[in-house]
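The values are calculated or read from the model by the stated rules, or taken from the named source; none is laboratory data. This one's a predicted model, so the numbers in the text were calculated from it and none came from an experiment. For neighbour counting, all protein chains shown are included, and Cβ atoms are generated from backbone atoms with ideal geometry for every residue, glycine included.
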């Protein structure tokens, strides 16, 4: 079955609009680094995961004193924004993007230095404009 030319052109136009609408992180010349702003909380041992909308979710870490439960998002314009806090402070943990748009964090070291086998899943869904960390 042949498609009419108008329908084919319409599909191509939608594809071009979709590709043009994809957000991108500002470009930086090869071999250089460029400042992109600062997170609200200084942290080491945090986990980062790329979200489906091209933002990066940064969870937990250690603020120099103890594990934290805060989370932030690195936006496609190079800025940072706060996200919902996790239930458990943790650093040295892992974070994984799930196919449905949510994120899973697991393990790590909790406040006070104890290892944890707990996991949390974010409540972020694909249709939300702002991320909900955990």
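Descriptive notes on the structure:
- Residue count, the range 41-69 (criterion: over 13 Å from the mean Cα position of the chain (by Cα) and farther than 15 Å from residue 107 by Cα): 8
- Within the range 34-56, residues that are on the phi > 0 side of the Ramachandran plot and modelled with pLDDT of 95 or more reach partners that are in a strand (DSSP E or B) and surrounded by 14 or more Cβ atoms within 10 Å (Cβ to Cβ) with beta carbons closer than 9 Å, at six or more positions or on different chains, in the pairs 45/62; 45/67; 45/91; 45/109.
- Options 67, 87, 95; residue that is at pLDDT 95 or above and over 17 Å from residue 122 (Cα atoms): 67
- For the range 88-126, the set of residues classified as touching a residue at least 60 places away in the same chain (Cβ under 8 Å), within 13 Å of the chain's Cα centre (by Cα) and under 17 Å from residue 68 (Cα atoms) consists of 122 only.
- The number of residues in the range 41-82 that are assigned to a loop (DSSP other than H, G, I, E, B), closer than 18 Å to residue 116 by Cβ and touching a strand residue (DSSP E or B) at 6+ places or on another chain (Cβ under 8 Å) comes to 7.
- Of all residues in the range 21-33 being within 30 Å of residue 84 (Cα to Cα) and exposed (fewer than 10 other Cβ atoms within 10 Å of the Cβ), the one that is modelled with the lowest pLDDT: 21
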